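Inspection log for the structure reproduced underneath, given as C-alpha cells.
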Amino acid sequence: MKIALFDGVSKFTGDLVQHWQSLGHEVRKDKSLDTRLINWADITFFDFCEGSAQRASHAEDKMWAEYGETQPLNKNIIVREHDIDAWVGQHCGVNWKWVNHVVFVADHIKRKVEADLGGFPPETQVHLIKHGVDGNKFTFRKKPFGNKIAWVCNINHHKNIELALQVMAENPGYEFHVLGKPLCSWQKAYILHFVEKNNIKFFQTDSVPDVNEWLEDKDFILLTSCKEAFCFSVAEAMLKGIKPLIHRFYCAGEIWDEKYIWDRVSQVKPKLTEFEYNGQEYRDYILNNFPLDKMFQEYDRILFGK
C-alpha cells in the first residue's frame, strides 16, 4: 500500500511509520498539505486535525487546483485528533463526510469533539486508540531513589512550570531538573528570580541526544500541565522505574491511576517521602496499559482491514 502522512509536528508518528515500512508499505511524509500525495496514495493519514485536514476535506479549496488535482473520493482517509486541536475547535472546519476514520487518543477528547459536532456523519467511523509506548527504548534503572525531580517538556503556558516551582519551593532539599526550552524574556526572569528567592536547586537543559540516558539518575517525574491527552514524558520515565507525580489535569484519572495523581501542592510531599517507591510497578503499568503492539494492531485494522 502507498501511505501519505501529513504531520507538521513529528512527535507521535515515528513508531507507526517504522511499523508500516516494516510491513512493506511505502510511506511518504510531508509537514504540510500536498494534494498530489493524496492522489498518489491509497491511504492518507492526517496526524492532528488542523489546516491540512480541513483544506483537503473541501473539494472546492483552491489548493486542489494548484497542481491540477481534484479531490479523490475512493481513498482511505484517516484523521487523528489529539488535544490542542480539539480544544481550539479545529474539527469544526473539517468536512467529515470525506473522512473514513477519525481516531482519538483519549476518551475525554473524543467526548468533547462529539459534543461540539453533535456526532459524526455515518460516512465517518470513530475510533479510540490509546498511544502505545516502546518499552525497548527506555531501560529500567534499579538505583535506590534519591532527590532528583525531573520535569520534561518545553516551557509554555499550558505545561504550567509556575505550579512546578511552587512544588519545589514547598519541598526543599530536592533538585529540580528541567529538560525543555525555551527560557526567554520575562518568563526567564520570573523563573530565575523565583528560584533564587526560594533557594531551589534548579538545573535546566534545552535538549539532550538521549532522553533515556538523561533520566538515568532521576528519581521522580513531575507533571504540572493544565491539559493532556496522554503524556509521553511521564510514560517514558515510568518505563525507567521513575515514580510519577501527576497534577490532576482535566480527566487525568481516566488515563493514570489515582495513586499517581495529586490535586494540591501539599499532597506532593507524602508522595515523595511516605508512600512506597516501586520502580517495577511503574514500568509494568506502562507496558500493561499502553502496549505498542496493540496500538499497531488497531491502526492496521483501520488502514489495511487486518
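The values are calculated or read from the model by the stated rules, or taken from the named source; none is laboratory data. Everything numeric here is computed off the predicted structure, so don't read it as measured data. Positions of Cβ are generated from backbone atoms using ideal geometry, with glycine treated the same way; all protein chains shown enter the neighbour counts.
Please find, among Y250, Y285, Y260, the residue that is hydroxyl-bearing (S, T, Y) and touching a strand residue (DSSP E or B) at 6+ places or on another chain (Cβ under 7 Å). Just one listed residue meets the conditions, Y260.
Can A56 be described as at pLDDT 95 or above, closer than 17 Å to E81 by Cα and assigned by TED's automatic domain parsing to the domain that holds V99? Yes: the conditions hold for A56.
I77 falls short on exactly one of the conditions (1) over 21 Å from E298 (Cα atoms); (2) free of Cβ contacts under 8 Å to residues at least 40 places away in the same chain, and that condition is (1).
Looking at the stretch 262-284, is at least one residue assigned to a loop (DSSP other than H, G, I, E, B) and closer than 14 Å to K137 by Cβ?
Of the residues in the stretch 262-284, the ones assigned to a loop (DSSP other than H, G, I, E, B) are 263-264, 274-278.
Restricting the remaining residues to those that are closer than 14 Å to K137 by Cβ gives none.
No, the stretch 262-284 has no match at all.
Within the stretch 1-56, how many residues turn out to be acidic (D, E) and either within 21 Å of H131 (Cβ to Cβ) or in contact (Cβ under 8 Å) with a residue 40 or more places away in the chain (or both)? Selection size over the stretch 1-56: 5. Of the residues making up the stretch 94-153, those that are assigned to a loop (DSSP other than H, G, I, E, B), closer than 21 Å to I78 by Cβ and polar (S, T, N, Q) are N95, N100, T124.
Does S185 count as surrounded by fewer than 19 Cβ atoms within 10 Å (Cβ to Cβ), without any contact (Cβ under 8 Å) to a residue 24 or more places away in the chain, of a type in the set (G, A, S) and farther than 26 Å from E281 by Cβ? Judged against the criteria, S185 is a match.
If you take the residues of the stretch 28-73 that are among the hydroxyl-bearing types (S, T, Y) and surrounded by fewer than 15 Cβ atoms within 10 Å (Cβ to Cβ), which of them is nearest to the chain's Cα centre (by Cα)?
Here the answer is S32.
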